[in-house]
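All remarks here apply to the structure that follows.
The values are calculated or read from the model by the stated rules, or taken from the named source; none is laboratory data. This one's a predicted model, so the numbers in the text were calculated from it and none came from an experiment. Reconstructed Cβ throughout: ideal geometry from the backbone, glycine too, with neighbour counts over all protein chains shown.
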Amino acid sequence: MFERYKEKTFISRVFFNMTWALALTGLTALGVASYPPFLNAVASNPAGMMILVLLEFVLVAYLSRRIMELSIGAAYLGMIAFSVINGVTLSLLFILYTAQSIVLVFFASAALFLVTGAWGYFTKRDLSTAGRFLFMTLFGLILVSLLNFFFRSEAVMYLYSIVSVLVFSGLTAYDMQFLRRLFEFTDLTGEQYEKLAIVGALRLYLDLINIFLSLLRLFGRRR
């Protein structure tokens, strides 16, 4: 019974961390979008945007691989930095899509995320094999997106978005099961579990954001 309580506490910490990170990203995006000179400066600087995106990849990779070696303060600082940087990059969505469309698609994405996450948490089916397949598919999607950056095919981007929704919905279920099993089969200290809660929040954050971006490309109302 006590272990079950600890597990629920761990999952609650994961969702708490994910929630404040999403809120910070949203507030940053809104702040940038509400100040046109800053928004235009971001939009008109492709090199700067590329640097921000690369910095996001570096932060995700570093936190995922080295978080156990960091202090809790440094781990949270890394999560805060990533959330703010991602907010700056996502502020460009307000140039492409209407605010109402962004809000509606985000809530639809959150609903899909919660459904697939709940299924992954409660299902008795082992999702390990599916997870490996989804990760391989994800690498394929990254390759397609890089190639389409040069070819700019609307049909390819449409298909890419559909597959992305399916892949990241599946990864949400896989990540929820992974986090539950990680808690069950590891014996760590409270501080180590706190760090795992940060990494878990980062994984789920990325799942939800990618579902949101994919659905927005499919159903978002453009300006």
Whether any residue in the range 163-186 is modelled with pLDDT of 90 or more, outside any helix (DSSP H, G or I) and not hydroxyl-bearing (S, T, Y) is what I want to check. no
Tally the residues that are surrounded by fewer than 19 Cβ atoms within 10 Å (Cβ to Cβ), at pLDDT below 95 and among the β-branched types (V, I, T), restricting the search to the range 11-39. 1
For the range 45-60, name all the residues that are in a helix (DSSP H, G or I) and not β-branched (V, I, T). P46, A47, G48, M49, M50, L52, L54, L55, E56, F57, L59
Of everything in the range 16-44, what is hydroxyl-bearing (S, T, Y) and either in contact with a Pro (Cβ under 7 Å, 6 or more places away or on another chain) or assigned to a helix (DSSP H, G or I) (or both)? Give them in sequence order. T19, T25, T28
Can you pull out the residues in the range 80-117 that are over 18 Å from N210 (Cα atoms) and at pLDDT 95 or above? I80, A81
Which of the residues belonging to the range 61-83 are in a helix (DSSP H, G or I), in contact (Cβ under 8 Å) with a residue 12 or more places away in the chain and surrounded by fewer than 18 Cβ atoms within 10 Å (Cβ to Cβ)? Y62, S64, M68, I72, Y76, I80, A81
Please indicate, with yes or no, whether at least one residue in the range 189-200 is of a type in the set (G, A, S), part of a helix (DSSP H, G or I) and closer than 22 Å to I85 by Cβ. yes
Any chance R152 is among the basic types (K, R) and modelled with pLDDT under 90: yes
Residue check, T123 among the β-branched types (V, I, T), surrounded by fewer than 11 Cβ atoms within 10 Å (Cβ to Cβ) and on the phi < 0 side of the Ramachandran plot: no
Of the residues in the range 84-115, those that are in a helix (DSSP H, G or I), free of Cβ contacts under 8 Å to residues at least 60 places away in the same chain and surrounded by 14 or more Cβ atoms within 10 Å (Cβ to Cβ) number 3
Yes/no for S145 being at negative phi, assigned to a helix (DSSP H, G or I) and surrounded by 18 or more Cβ atoms within 10 Å (Cβ to Cβ): no
Return yes when M68 is closer than 21 Å to F15 by Cα and modelled with pLDDT under 90 and no when it is not. yes
